[in-house]
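For reference, the structure is listed below as structure tokens.
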Amino acid sequence: MSKQLTYRDAGVDISEGARLIDLIKPMARSTARAGTIGGLGGFGALFSARFKGLKDPILISSTDGVGTKLILAFMADRHDTVGVDLVAMSVNDIVVSGAEPLFFLDYFATGRLDAAKAAKVVKGIANGCKQAGCSLVGGETAEMPGLYKDGEYDLAGFAVGVVDRKKIIDGTKIKAGDALIGLASSGLHSNGYSLARKVIFDRLKLKLTDKPVGLKKNIGETLLTPTRIYVKPLRDLASRFNVRGMAHITGGGFLENVPRILPKGTKAAINKGSWPVPPVFNLIQDGGSITDAEMARTFNCGIGMVVCVPAKEAQAAVKRLQQLKEKAYIIGSITKRKGREDACVVE
């Protein structure tokens, strides 16, 4: 008689999934905020829709992943930072509209579930949620034998926030003469890693443990530095100043992201050299013989967020950001765009 097969024989361990739930429940509880209802384990996550002080609340959502930065986590066997990246990519997209992130859900997919490793990832997610002030209300763990290599996984995140309609920041009020403020990034954040890996590992033949001149940490630690979460300082700034637009500098760099908030007939002129570029970007550019234009459309080049304010408020806004422990610089201005000129130039 043939052996009676089980789901575990096919590569799916339901018991390991249950163990993961037990490990991450306290992490999720630690992120609870006003509006959170219940905990993990239900078929759907509940959240109160009573928004005190908002006359016309508008929900805003965003979803994203971490991209090939995960390959660095696999190489280094370090999994407690990419969860922060996952949260950052969505909540930073939400806050640029002036919204407050409310809750977050994650999707973790792997070929064979290792509860201890997955819990490290969720620990990072919980850390990111705390930084953003949102609640980790649920998620999905998918164990799919044969779809992923051993030890590998993929991540996706989904965030929802709220903003009063009259306080939505959408760039429509931006005009020529406004100033552009750049908030320093913590490194590459979560974009450009395919090119970075090609330069660092294929062309320069560096190892994770190498520490090239200029870097404060080795290659592995530098590349796995978590994406900075700008939610709290930007919400503070928007409550004090006339913030007319904000752009999260992700894939596409300055050249693709800043134009997304510009009204017709305006152009962003970013002054190269107006902020310190972290050495890792110089390492990548020099090692790959990459042009300035390609760097500006691939990497954040040291600026993770761009904020547009009236020129007369720029100095005070920078000072406030510095008080909030953000490194901030006036990096350019808005000018009139003529004809088919590029909507953003870095020069």
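The values are calculated or read from the model by the stated rules, or taken from the named source; none is laboratory data. Owing to the predicted nature of the structure, the values given are computational and were not obtained by experimental measurement. Glycine gets a Cβ as well: all are built from the backbone with ideal geometry, and neighbour counts include every protein chain shown.
Laid out as a table, the results:
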| read-out | value |
| --- | --- |
| First in region 244-264 and within 20 Å of ALA184 (Cβ to Cβ), second anywhere and part of a loop (DSSP other than H, G, I, E, B) and acidic (Asp, Glu), Cβ under 9 Å, 6 or more apart | GLY245/ASP170; GLY245/ASP178; LEU255/ASP342; ILE261/ASP170 |
| Yes/no for ILE37 being over 22 Å from the mean Cα position of the chain (by Cα), surrounded by fewer than 21 Cβ atoms within 10 Å (Cβ to Cβ), among the β-branched types (Val, Ile, Thr) and more than 27 Å from VAL163 (Cα to Cα) | no |
| Checklist (1) more than 30 Å from ALA314 (Cα to Cα); (2) in contact (Cβ under 8 Å) with a residue 12 or more places away in the chain; (3) of a type in the set (S, T, N, Q); (4) touching a Gly at 6+ places or on another chain (Cβ under 8 Å) applied to THR110, failing item | (4) |
| Residues of region 294-325 that turn out to be touching a strand residue (DSSP E or B) at 6+ places or on another chain (Cβ under 9 Å) and free of Cβ contacts under 8 Å to residues at least 40 places away in the same chain, as a count | 4 |
| Residue within region 177-190 that is among the aliphatic types (A, V, I, L, M), part of a strand (DSSP E or B), at pLDDT 95 or above and surrounded by fewer than 23 Cβ atoms within 10 Å (Cβ to Cβ) present | yes |
| In region 204-248, residue surrounded by the fewest Cβ atoms within 10 Å (Cβ to Cβ) [restricted to those that are within 18 Å of the chain's Cα centre (by Cα) and among the charged types (D, E, K, R)] | LYS232 |
| Test: residue in region 100-109 that is surrounded by fewer than 21 Cβ atoms within 10 Å (Cβ to Cβ), over 23 Å from SER30 (Cβ atoms) and touching a helix residue (DSSP H, G or I) at 6+ places or on another chain (Cβ under 9 Å) | no |
| Residues located in region 278-291, provided they are assigned to a helix (DSSP H, G or I) and surrounded by 12 or more Cβ atoms within 10 Å (Cβ to Cβ) | PRO279, VAL280, PHE281, ASN282, LEU283, ILE284, GLN285, GLY287, GLY288 |
| When residues of region 142-155 are limited to those that are buried (at least 18 other Cβ atoms within 10 Å of the Cβ) and within 21 Å of the chain's Cα centre (by Cα), the one nearest to ASP13 (Cα to Cα) | TYR153 |
| Exclusive hit being surrounded by 18 or more Cβ atoms within 10 Å (Cβ to Cβ), assigned to a helix (DSSP H, G or I) and of a type in the set (A, V, I, L, M, F, W, C), set MET295, MET305 | MET295 |
| Residue within region 252-269 that is among the aliphatic types (A, V, I, L, M), assigned to a strand (DSSP E or B), closer than 22 Å to LYS327 by Cα and more than 22 Å from the chain's Cα centre (by Cα) present | yes |
| Enumeration of residues in region 46-64 that are modelled with pLDDT under 95 and in contact with a Ser or Thr (Cβ under 9 Å, 6 or more places away or on another chain) | LEU46, PHE47, SER48 |
| Lone unmet requirement of (1) touching a helix residue (DSSP H, G or I) at 6+ places or on another chain (Cβ under 9 Å); (2) part of a helix (DSSP H, G or I); (3) over 29 Å from GLU100 (Cβ atoms) for LEU234 | (3) |
| Residue selected from region 44-78 under the condition over 24 Å from TYR230 (Cβ atoms) and crowded, with 17+ Cβ neighbours inside 10 Å, by the criterion farthest from the chain's Cα centre (by Cα) | ALA45 |
| Candidate set: region 7-29, residues that are closer than 18 Å to MET144 by Cβ, part of a helix (DSSP H, G or I) and of a type in the set (Gly, Ala, Ser); chosen: the one farthest from the chain's Cα centre (by Cα) | SER15 |
| Within region 30-46, considering residues that are touching a Gly at 6+ places or on another chain (Cβ under 7 Å) and not in a strand (DSSP E or B), the one nearest to LEU105 (Cα to Cα) | ALA45 |
